[in-house]
Every structure is written in C-alpha cells, then in structure tokens.
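What follows is calculated from the coordinates using simple rules that are stated; it is not laboratory data. These numbers were taken from a predicted model, which means no experiment stands behind them. Positions of Cβ are generated from backbone atoms using ideal geometry, with glycine treated the same way; all protein chains shown enter the neighbour counts.
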Amino acid sequence: MTVLGPESGGHFRLNLAQTFNSFGAIIAVVFGQSLILSNVPHQSQDVLDKMSPEQLSTYKHSLVLSVQTPYMIIVAIVLLVALLIMLTKFPALQSDDRAESTQSSFSASLSRLVRIRHWRWAVLAQFCYVGAQTACWSYLIRYAIEEIPGMTPGFAANYLTGTMVCFFIGRFTGTWLISRFAPHKVLATLRAARHGSVSDLRLQRWPFWPAGADAV
C-alpha cells in the first residue's frame with residue numbers, strides 16, 4: 001500500500017486502507033448479532049444450574065448449531081475473496097534502485113527492518129494495542145449482561161456496534177488529520193488527549209471505572 005504512489009503519501013494510503021478494517025468490524029458485529037445472538041435464547045447461570053444433564057446438553061448443542069450456518073457463510077466469503085485476489089493481476093513493484101532487477105528476499109527485508117529501532121517499538125506497540133482492544137471488545141457483551149438486569153446478548157451487541165462506529169469515526173478522522181498535519185504530531189496530540197481522559201476517569205472515580213483497575 002505504501003508503494004502504490006508517491007512516498008510522501010504512503011502513511012495516508014496505509015491509514016485509509018486500515019479505516020475500512022473498522023467498517024468491516026461493524027458489519028461483522030451486525031452479522032453476528034442478527035444470525036447468532038438473536039437466534040439463541042440467553043440463559044442465566046441460575047437457570048443453567050437447574051437444568052438436567054440432558055437439558056444442558058440440548059442447550060449447548062443449540063449454541064453450536066446457531067453458529068454453524070454463519071461460519072459456513074464466512075468461510076465461503078473468505079474463499080471467494082482469496083480466489084479474486086489470486087486471479088487479479090497486480091502491477092509489478094519496482095525497487096527504489098531502478099538498476100536492480102531482483103527484489104530483496106523476505107529474510108533480507110526482515111533483517112533490515114529489525115535493525116530499525118522505531119520499527120521494533122512499533123511492532124511491540126501494535127501487539128499491546130491489539131491485545132488490549134481484543135480483550136475489551138471480547139468482554140463487552142458479557143459485561144453488559146452481568147451488570148445490566150434483563151440484558152440479552154442480542155441487545156448487548158448494540159453497545160459493541162456503537163463502539164465500532166466510534167472506532168470507525170476515529171480512524172477516519174485520524175486519516176483526515178494526517179493528510180493535513182504531520183503524522184507524528186497528530187499521534188502525539190491524540191496520545192496526550194487519551195492519557196488525559198483516562199486520568200480524569202481514575203481521579204473522578206466514574207461508575208464504569210473498574211474497582212480493581214488501580215491495582216493493574
């Protein structure tokens with residue numbers, strides 16, 4: 001993505017492509033909400049404890065069946081996209097040195113990258129970011145069910161959809177900002193704003209701030 005145009009706009013094209021990742025996440029949540037969470041009645045732990053072994057087995061089997069068709073659809077879509085990518089003729093990428101006729105191997109490129117200090121820190125930061133993001137979003141529906149009386153998984157998915165929409169807006173806004181201002185200045189400003197908002201939540205003791213978060 002970074003080599004599909006002028007080098008000066010590589011960061012913009014890369015972030016713009018990543019923006020559609022969040023849009024796909026919104027579609028995935030709506031897809032799961034409509035075909036999975038809304039088709040299986042949620043049972044509380046108290047109800048599950050009162051079920052006989054046969055009833056519990058039947059309930060768990062219904063959960064498995066509820067995801068069978070949606071996942072088959074996902075597999076079909078992934079295979080179709082993979083086939084389209086395989087059949088698409090992409091333009092050949094030229095090396096920065098036009099005199100070179102061969103491209104560097106993967107191992108040579110990786111060896112060159114690991115010597116760049118900023119690249120190593122960027123990989124670590126991305127790893128931590130994706131881990132935190134996945135942990136929060138994976139627990140959101142369960143958290144809503146446990147904390148809000150009468151909440152169902154299907155309706156709790158609306159909260160997840162809302163966060164995905166905010167995620168999409170944030171990425172789109174960030175992509176627009178780095179097209180107007182220096183990317184490192186945009187990143188530094190947003191990071192300072194995030195630290196400020198999190199510090200405010202801790203100092204004010206907002207209700208949704210986890211009680212044990214200070215121990216982390």
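Numbers at a glance
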read-out	value
Phe20-Leu83 pseudo-label distance in nm [points 7 Å out on the Cα-to-Cβ vector]	2.0 nm
Gain in span if fully extended, Ser138 to Thr173, counting 0.36 nm per residue against the direct Cα distance	10.1 nm
Length released on extending from Asn158 to Arg180, taking residue separation times 0.36 nm less the Cα-Cα span	4.6 nm
Relative exposure of Leu16, Leu124, judged by other C-beta atoms within 10 Å (fewest first)	Leu124, Leu16
Separation in nanometres of the label points that stand 7 Å from Cα toward Cβ, at Gln126 and Phe31	2.3 nm
Nearest-0.05 FRET efficiency for His195 and Trp119, computed from C-beta distance (R0 30 Å)	0.80
Hits among lysines - C-alpha to C-alpha of Lys50 under 19 Å, sequence gap 8 or more where chains match	Lys60
